[in-house]
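Quick note: the coordinates plus some simple rules give every number you see, no bench work behind them. Bear in mind that the values here come from a model prediction, so they are computed numbers and not experimental data. Cβ placement follows ideal geometry from the backbone for every residue including glycine, while neighbour counts extend to all protein chains displayed.
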2 protein chains.
Amino acid sequence: MMYTIQELRDRVKAELDKQAYVEEPYSLFEPIKYIMEDGGKRLRPVLTLMAYNLYRDDIEKVMTSAIGIEIFHNYTLLHDDVMDDAELRRGRQTAHKKWNNNVAILSGDAAAITAYKQIEAVDDIYLRRTIDGFNQVAMDVCKGQQYDMEFETRNDVTAEEYLHMIYLKTSVLIAGSIRHGALVAGAPENEYNALYDFGGYLGLVFQLQDDYLDVYGDVAEFGKKIGGDILSNKKTYMLIKALELASPADKALLQEWLQKKEFDPAEKIRAVTEIYDRTGIREVAMAKIDDYMEKSREALAKVNVPEERKERFREMTEYIGGRRK
Amino acid sequence: MMYTIQELRDRVKAELDKQAYVEEPYSLFEPIKYIMEDGGKRLRPVLTLMAYNLYRDDIEKVMTSAIGIEIFHNYTLLHDDVMDDAELRRGRQTAHKKWNNNVAILSGDAAAITAYKQIEAVDDIYLRRTIDGFNQVAMDVCKGQQYDMEFETRNDVTAEEYLHMIYLKTSVLIAGSIRHGALVAGAPENEYNALYDFGGYLGLVFQLQDDYLDVYGDVAEFGKKIGGDILSNKKTYMLIKALELASPADKALLQEWLQKKEFDPAEKIRAVTEIYDRTGIREVAMAKIDDYMEKSREALAKVNVPEERKERFREMTEYIGGRRK
C-alpha cells in the first residue's frame, strides 16, 4: 500500500511522542526533547519513509532510522543556534537562550550520538553503506555550516559558491534521508543514487524558495516575518544576483543600503525589494527554482518503480516548489 | 612479536604526522590539526594497539581505528574547553581562545564525525560490535561531562557519585580503546569484556592519581601547577573524603576556605593540604588507588593469553599507578 504524506507525518509524530530516545540523566536529554517538540514539517523522516515506501510497505522497519535522521537534524539546529546566537526558532526560545550555551553544546553532542545509534538500526547487509553514507552526509552538513559562517565576512561570494554552500548545508541531509530509505528497502544502487540526486535538487528548491519567500512571500502563508534576510544583509542567491545584474545606479544604491548602519527597517526592505523588482530578480530566482525542479524530475525518472508509486514524491516536489506566494 | 610501548607511541606519532584525516575546507580542519599536534601521551591509541598486540602482530590493521579514537578524544577536549572556558591546554592556548567559540564547536563536530569514520575502518564481521561499543562509549563520555558540570553547583556530591562521574568521563574511553583493539584482533567476547573492565579500573587509577598529584605531586615531575584543584574548590575524591572524615574543627576550617572569596593562593593550598594531612587523606586516596590497581590485575588475569604477552599492560598499569610523587 502507498501511504499519504499526512499518514507518514502522523506515524512520525506518534513515534516521536514515545520519546524512546530519552536516557538518564534527564538533564542531558531535556533540551533534545525540547527542540524535538517544536513541531515543524518532519520533512526528513517523512522522506525516508516515502523512499522506503517506493519499494516496500512495512515502513515500521525503517522508523527508528527515520527518527534518527530527525534527531540528527535537530542536533545541527542546537549547535547552529549557538553559533548564530539565534533568539528564536519557530517562535520559541532557542535552547541556548532557555538554558545556556554549555547545555546546548553538550546536549547537541548527545543528540548526535543518539542519532547515530538510531540511524544504524538497520539490517546487517545495509550497515556499512548506511554508515558510510551517513558519515558523508554529516561531514557535508558541517562543511556547509563552515562556508555559511565564512561567507558572512566575505563580500565576494559568487552565486556558484552560495549554491554549493546551501547544497551542503541543506540539500545533502534531505538527499541522504531519501537515499537511506531506498537503500534499506533493497533498492538497486543506481536507483538509491538517483534518489539522492533527486533529493539534492529538492533541497536546493527548498532553500531557494525560502530565500524567495523572505522577499516575496505572504506573511500569513509563509509564517515568518518578511524581509529578515534583507535586514541582515544575508548573501542569498537573490542578493548575489542583484549585485551582479543591477544597473550601475541600482548597484550603487544597493551597496549603500548594505553599508548603512542605521535605517528604518520597513524602508530598507521596501528600497531593496524595489531594486530587486527593477533588476528582474524575482524572475531570475523563479527560473533557477524551475531549473532545479526540472532536474529533480529527471532524477526521479531514473527510478524504476511503477509511476504511480512516485506520486508522493511528485506531490512533495510540487508542494515545496510551489510555495510562491 | 611484541611491541614496546615506546615503539607503539612512535607508530602512532608517525601516523598522526601524516594528517590523513584533514579534508577541505582547511579552515574546518585546522583547529583539529592544532589540538592534535600538542603531543600528550597518546594513551588511548597506544592502548588500542597494545590490546590488538595481545593477540596479533599486524598492528597496522587497527591503526586507522586507533587514530580515530585519538581524534574522538580531541573532539571531547575541543568542546570541554569551550564549556569550561579553559585558557590553556598542555601549556598552549586552547582552540576557542586562539580562534573563537564557534570555530571550536564546529571543528569539534567535524572531529567527531572524522572519528566515527576512522573508528569504523574495521572488517565487516566486527562492524556492528564496533559501532555499538563506540556509541555506548561516546554517550557515556557525554554523560560524564554532564555530571561534571552539574557537580560544580552542588555541595552534596558523594564519593560514590564522584567516582561514577570520573568513570564515565575518563575511564570509559580508555576501557573502550582497549576493548576495540581486542575485538578487532578476534578476541573472544569474555576476554574483550574483561579487558574493558581492566581499562575501566585503569582509568579510575589514572584520574585518582591526577587528583592526588595535584595535591602531593612534584611540580617538576608532574608538569602541572600544584594545587589547581584546591584553588578552584574542585570536588575531587580527596576533598569529598576530607569533608566526610575530618574532625569537626577541621571540617569547619575547610568549609571556611571553600567559601572565602579573597585569599592568598599559596596560603589556601598550604592550609587545605594541612587539613588533608591531619585527616589522613593521602592514605585514603592511596588506598583507593591500590584497590583499583588490584581490581585491574584481577580483570587482566581473566584474559587467556600467555602471561608474557600481558607484560606491556602490567608496565602501563605500574606506570600510571606509580606516579606517586
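Choose one answer from B:Ala138, B:Ala246, B:Ala20: the residue with the largest mean-square fluctuation in a GNM of chain B with alpha-carbon springs under 10 Å. Answer for the Gaussian network model of chain B: B:Ala20.
A cut-off of 5 Å between modelled amide H atoms, ignoring neighbours fewer than 5 places along the same chain, links A:Arg89 with A:Thr94. For region B:13-41, the residues whose amide N sits under 13 Å from a probe point set 7 Å from the Cα of A:Glu150 along the beta carbon direction are B:23-31. Taking label points 7 Å from Cα along the Cα-to-Cβ direction, B:Asp264 and A:Arg314 give a separation of 8.6 nm. Averaging over all projection directions, the Cα-based convex hull of chain A occupies 16.5 nm² in the image plane.
Label-to-label distance for A:Glu189 and A:Asp58 is 2.6 nm, based on points extended 7 Å past Cα in the beta-carbon direction.
In order along region B:45-60, the Karplus-derived 3J(HN,Hα) couplings, from 6.51 cos²θ - 1.76 cosθ + 1.60 at θ = phi - 60°, round to x, 4, 5, 4, 5, 4, 5, 4, 5, 5, 10, 9, 9, 7, 4, 4 Hz, and Gly and Pro are given as x. GNM on chain B, alpha-carbon springs under 10 angstrom: the most fluctuating residue among B:Ile71, B:Ile166, B:Ile240 is B:Ile240. Mean per-residue shielding of peptide B:100-108 is 5, counting Cβ atoms of other chains within 10 Å of each Cβ.
Measure nothing but the geometry: give the 0 to 90° angle between the long axis through the Cα atoms of A:63-84 and the longest principal axis through the Cα atoms of chain A, rounded to 10°. Result, in degrees: 30. If you take the beta carbon distance between A:Arg92 and A:His164 as r and set R0 to 35 Å, what does 1/(1 + (r/R0)^6) give as a FRET efficiency, to the nearest 0.05? The pair A:Arg92/A:His164 has a calculated efficiency of 0.65. A Förster radius of 60 Å combined with the Cβ-Cβ distance from A:Asp85 to B:Ser247 puts the calculated FRET efficiency at roughly 0.75.
Taking the Cα centre of region A:51-141 as reference, the dipole from Cβ charges on Lys and Arg (+1) and Asp and Glu (-1) amounts to some 240 debye. The angle separating the long axis of helix B:124-152 from the principal Cα axis of greatest extent in chain B is about 10 degrees.
Figure legend: label point modelled 7 angstrom from the Cα of B:Lys234 along Cα→Cβ; residues of region B:172-204 with amide N under 15 Å from it are B:204.
Shown for B:Lys41: label points 7 Å from Cα along the beta-carbon vector, and their distances to the equivalent points in the other copies, 5.3 nm in ascending order. Compactness ratio for the protein assembly as shown: Cα radius of gyration over 2.2 N^0.38 Å (N = residue count) comes to 1.07. Entry note, chain A: the mean residue ellipticity at 222 nm calculated from DSSP H runs of n ≥ 4, each adding -39500 (n - 2.57), is -23500 deg cm²/dmol after division by the residues and rounding to the nearest 500. Listing B:Val284, A:Val46 from fewest to most neighbouring C-beta atoms within 10 Å gives B:Val284, A:Val46. Starting from the Cα gyration tensor of region A:218-325, take the square roots of the eigenvalues, sort them a ≥ b ≥ c, and report rounded, prolate or oblate (rounded when a/c is under 1.5, otherwise prolate if a/b is larger than b/c, else oblate). Taking the square roots of the gyration eigenvalues as a ≥ b ≥ c, region A:218-325 is prolate. Shown for region B:148-189 is the translational diffusion coefficient from the Stokes-Einstein equation, using the Kirkwood radius over Cα pairs, a temperature of 10 °C and a viscosity of 1.306 mPa s: 131 µm²/s.
Taking A:Met63, A:Met50, A:Met83 as the candidate residues, the one with maximal mean-square fluctuation in a Gaussian network model of chain A, Cα springs under 10 Å, is A:Met83. From least to most packed, judged by other beta carbons within 10 angstrom and beginning with the fewest, A:Phe263, B:Phe29, A:Phe198 follow the order A:Phe263, B:Phe29, A:Phe198. Taking the longest Cα principal axis of chain B as reference, the axis of helix B:26-36 is set at about 60 degrees. Shielding of peptide A:134-143 by partners, expressed as the average count of other chain Cβ atoms within 10 Å per residue Cβ, is 5. Across region A:5-47, Cα-Cα pairs more than 16 Å apart make up 39 percent of the total. Summarising the label geometry, the points placed 7 Å from Cα in the beta-carbon direction at B:Asp291 and A:Gln6 lie 6.3 nm from one another. Roughly how many whole Å is it from the C-alpha centroid of region A:55-99 to that of region B:225-270? So the two Cα centres are separated by 43 Å.
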